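This report concerns only the one structure given below.
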Amino acid sequence: MAMIKIVIVDDHPAFRQGLHLMLKELSPAIEIIEMDSGSLFIEDLEDTCPDLVFMDIRMPGINGIEVATIALKQQPKLRIIILTMFGEEKYLKEAMEVGVKGFLIKPPSLLQLKKTYNIVMDNGSYFPSELKTFLK
């Protein structure tokens, strides 16, 4: 089984650690790298070459939508899932417009995380139905 490399980009250490533990429940074939800023992620993107990224929106410095935009220009096939406490319409629309593959409200349940992970890793997109009502 090939290792799947996941990067968690979030400025809150406790959240990163909790998400790390949850992701380890999904598969033993996951390598996880934690980063505390979008700028660090962009700097290391070529070296880390992740298969999947979990990205916060609101971080000091560059925000997650801007980071996703830059990262997807460099690596168009990169899978990014936004994880945020802010389920506002503008964030969802911006995330979809730049090409992220998923959007979850913090903290996700293990079931939500597993569902989103599986869909996105199968080259699909996951945007919760309760958030899609914004788009009608």
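Quick look at the numbers
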item: Subset of the range 84-107 (residues that are within 19 Å of V9 (Cβ to Cβ), modelled with pLDDT under 90 and not hydroxyl-bearing (S, T, Y)); result: M85, F86, G87, L92, E94, A95, M96, I105, K106, P107
item: Lone unmet requirement of (1) hydrophobic (A, V, I, L, M, F, W, C); (2) at pLDDT 90 or above; (3) open to solvent by 50 Å² or more (accessible area, probe 1.4 Å) for I62; result: (3)
item: Looking only at the range 59-70, and only at residues there that are assigned to a helix (DSSP H, G or I) and closer than 20 Å to H12 by Cβ, the one that is farthest from the chain's Cα centre (by Cα); result: E66
item: Residue match in the range 66-76 (condition: surrounded by fewer than 17 Cβ atoms within 10 Å (Cβ to Cβ) and at positive phi); result: no
item: Residues that are open to solvent by less than 10 Å² (accessible area, probe 1.4 Å) and part of a helix (DSSP H, G or I), drawn from the range 77-107; result: L92, A95
item: Residue in the range 2-43 that is nearest to the chain's Cα centre (by Cα), counting only those that are assigned to a loop (DSSP other than H, G, I, E, B) and within 22 Å of K115 (Cβ to Cβ); result: D10
item: Every pair of residues 6+ apart whose Cβ atoms lie under 6 Å, when the first sits in the range 108-120 and is open to solvent by less than 50 Å² (accessible area, probe 1.4 Å) while the second is in a helix (DSSP H, G or I); result: L113/M22; Y117/L26
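Per-residue answers, yes or no, for (1) closer than 21 Å to G61 by Cα; (2) in contact with a Gly (Cβ under 8 Å, 6 or more places away or on another chain); (3) surrounded by 17 or more Cβ atoms within 10 Å (Cβ to Cβ):
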site: I4; (1), (2), (3): no, no, yes
site: H20; (1), (2), (3): no, no, no
site: L23; (1), (2), (3): no, no, yes
site: I42; (1), (2), (3): yes, no, yes
site: L45; (1), (2), (3): yes, no, yes
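The values are calculated or read from the model by the stated rules, or taken from the named source; none is laboratory data. These figures come from a predicted structure and were not determined experimentally. Every residue, glycine among them, receives a Cβ derived from its backbone with ideal geometry; neighbour counts consider all protein chains shown. SASA here: full protein model, heavy atoms, side chains in, ligands and nucleic acids out. Shrake-Rupley method; radii C 1.70, N 1.55, O 1.52, S 1.80 Å.
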